[in-house]
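The values are calculated or read from the model by the stated rules, or taken from the named source; none is laboratory data. These numbers come from a predicted model, not from an experiment. When we count neighbours, we look across all protein chains shown, and the Cβ atoms used for this are built from the backbone with ideal geometry, even at glycine.
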Amino acid sequence: MSQWKNFSKGFFKENAVFVLFLGLCPTLGVTTSAINGLGMGLATTFVLVMSNLVISIVKSQIPDKVRIPSFIVIIASFVTMVELVMQAYVPALFDQLGLFIPLIVVNCIVLGRAEAFASKNTVISSIIDGFGMGLGFAMALTILGGVREILGSGSIFGFKFIQGDGMLVFVLAPGAFIALGYLIVLVNKINKKTA
Amino acid sequence: MEYIIIIISAIFVNNILLAQFFGVCPFIGVSSKVETSIGMAGAVTFVMVIATMVTYLLQKYVLDAYGIAFMQTITFILVIAALVQLVEIILKKVSPALYQALGIFLPLITTNCAVLGVAILAVQKDYNLLGSVVFAISNAIGFGLALVIFAGLREHLDMVNIPKGMKGVPIAFIVAGLLALAFMGFAGIV
């Protein structure tokens, strides 16, 4: 597989959210606005790239039996780093994302890529895989956040272009499920056409 | 009275699945049959209650006592992972029947964010030990309730005629959205 393919698969063909249905909790939980989605996506990308990097370096040192717990410790260390950095430099975003930052630890995408990719491949391709998957995830979250923000409050990235409130339901919990459902239909359709 | 408010708020008003989005992966993944979703709900209840108890004590007597609260994430997830293993081993010995019923769901629970989410929430909300346990039990019930209702709906979805592109997961999400809308009717009770 060429490195370009390795990178780009995370966006459409194997998009974590729209195609594999992984990491749905933060996807639904934080995407009340495009900027929240982007912030969460980038935080996850950082954890994904760093944990893929470290795991692909130490993979031959870890005994097979304690593989999963070791991966979790590595991931949890990077999540703690992200948590502390975000708390210090972007406290407003940190408050918005709340509990979902520590919950990156149990995001199935991160552990899934560690297990399925980084523990079997070279350092370089693991980093590229991490970037591709992470940015694909960030893209999905930004799109979902954007759709919900446009429909729900008539603004995008905080820039308001419609007066009044919009359809409040899209900012609330039910709108997250419904918007994601329709987005999945759309992505399926695009994937089918390009296949 | 305080506990009744915790119970009602956790089960109906702030339902962990439909209002807070913890544990959506198993919600979409294993909820295609009522039977499996009852098994999953049972396993989650078991682990969630024990995990919340253990992490509460750890937070109070180790992390806070030594001023290393920033280690919370890493400690809690390790405790949960170890606990899941432990529960699996004990169940296998003590109650093979229960192990048969819950067995396949146990490994999945480590990465169920509902468990870690409730453990952290219980600490953040500053409950005492009993309050934390009540909080964990009612969240587990809320999780199970939403899971079983949704599985029942999905069993019926298999039999109805829906547009081809929406079959499977997309329609499941939209139904989940409508279910969440129904649960929003409970808002304002407490």
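Numbers for the structure displayed
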{"read-out": "Some residue of region A:22-31 being under 26 Å from A:Thr122 (Cα atoms) and in contact (Cβ under 8 Å) with a residue 12 or more places away in the chain", "value": "yes"}
{"read-out": "Unique match (being touching a residue at least 12 places away in the same chain (Cβ under 8 Å), surrounded by fewer than 14 Cβ atoms within 10 Å (Cβ to Cβ) and out of contact with any Lys or Arg (no Cβ under 9 Å at 6 or more places or on another chain)) among B:Leu63, B:Leu57, B:Leu91", "value": "B:Leu57"}
{"read-out": "Number of the condition not met by B:Ser37 [criteria: (1) of a type in the set (Ser, Thr, Tyr); (2) part of a helix (DSSP H, G or I); (3) out of contact with any Leu (no Cβ under 8 Å at 6 or more places or on another chain)]", "value": "(3)"}
{"read-out": "Test: residue in region B:143-153 that is small (Gly, Ala, Ser) and either over 20 Å from B:Glu35 (Cβ atoms) or touching a Gly at 6+ places or on another chain (Cβ under 7 Å) (or both)", "value": "no"}
{"read-out": "Selection within region B:11-25 - buried (at least 24 other Cβ atoms within 10 Å of the Cβ) and more than 10 Å from chain A (Cβ to nearest Cβ)", "value": "B:Ile16"}
{"read-out": "Those residues of region A:97-152 which are modelled with pLDDT of 90 or more and in contact with a Pro (Cβ under 8 Å, 6 or more places away or on another chain), in sequence order", "value": "A:Leu141"}
{"read-out": "Any hit, region B:67-76, residues being within 17 Å of the chain's Cα centre (by Cα) and more than 16 Å from B:Asp126 (Cα to Cα)", "value": "yes"}
{"read-out": "Test result for B:Phe183, touching a Phe, Trp or Tyr at 6+ places or on another chain (Cβ under 9 Å), among the aromatic types (Phe, Trp, Tyr), at the interface with another protein chain (Cβ under 9 Å from one of its Cβ atoms) and in a helix (DSSP H, G or I)", "value": "yes"}
{"read-out": "Residues of region A:51-96 that turn out to be modelled with pLDDT under 90, under 26 Å from B:Val84 (Cα atoms) and among the aromatic types (Phe, Trp, Tyr), as a count", "value": "1"}
{"read-out": "Long-range neighbours under 6 Å by Cβ, at least six apart or interchain, first residue surrounded by fewer than 22 Cβ atoms within 10 Å (Cβ to Cβ) within region A:119-138, second of a type in the set (Asp, Glu)", "value": "none"}
{"read-out": "Those residues of region A:17-34 which are over 11 Å from A:Ile143 (Cβ atoms) and in a helix (DSSP H, G or I), in sequence order", "value": "A:Leu24, A:Cys25, A:Pro26, A:Leu28, A:Gly29, A:Val30"}
{"read-out": "Helices (runs of 4 or more DSSP H) within region A:50-116 that include 1 or more residues under 22 Å from B:Phe76 (Cα atoms), polar (S, T, N, Q) and within 12 Å of chain B (Cβ to nearest Cβ)", "value": "A:67-89"}
{"read-out": "Condition check for A:Leu135: touching a Ser or Thr at 6+ places or on another chain (Cβ under 7 Å), of a type in the set (A, V, I, L, M, F, W, C) and either part of a helix (DSSP H, G or I) or away from chain B (no Cβ under 11 Å) (or both)", "value": "yes"}
{"read-out": "Test: residue in region A:170-178 that is out of contact with any Pro (no Cβ under 7 Å at 6 or more places or on another chain), of a type outside the set (D, E, K, R), more than 30 Å from A:Ile55 (Cα to Cα) and not in a helix (DSSP H, G or I)", "value": "yes"}
{"read-out": "Members of region B:31-51 found to be among the charged types (D, E, K, R) and closer than 18 Å to B:Gly168 by Cβ, listed by number", "value": "B:Lys33"}
{"read-out": "Subset of region B:145-168 [in contact with a helix residue (DSSP H, G or I) (Cβ under 8 Å, 6 or more places away or on another chain) and more than 25 Å from B:Thr45 (Cα to Cα)]", "value": "B:Leu157, B:Ile162, B:Gly165, B:Met166"}
{"read-out": "Search result, residues across region A:157-192 that are surrounded by fewer than 17 Cβ atoms within 10 Å (Cβ to Cβ) and within 28 Å of A:Phe11 (Cβ to Cβ)", "value": "A:Phe157, A:Gly158, A:Phe159, A:Phe161, A:Tyr182, A:Leu186, A:Lys189, A:Ile190, A:Asn191, A:Lys192"}
{"read-out": "Qualifying residues in region B:124-170 (those that are within 11 Å of chain A (Cβ to nearest Cβ) and assigned to a helix (DSSP H, G or I)) - the one surrounded by the fewest Cβ atoms within 10 Å (Cβ to Cβ)", "value": "B:Lys164"}
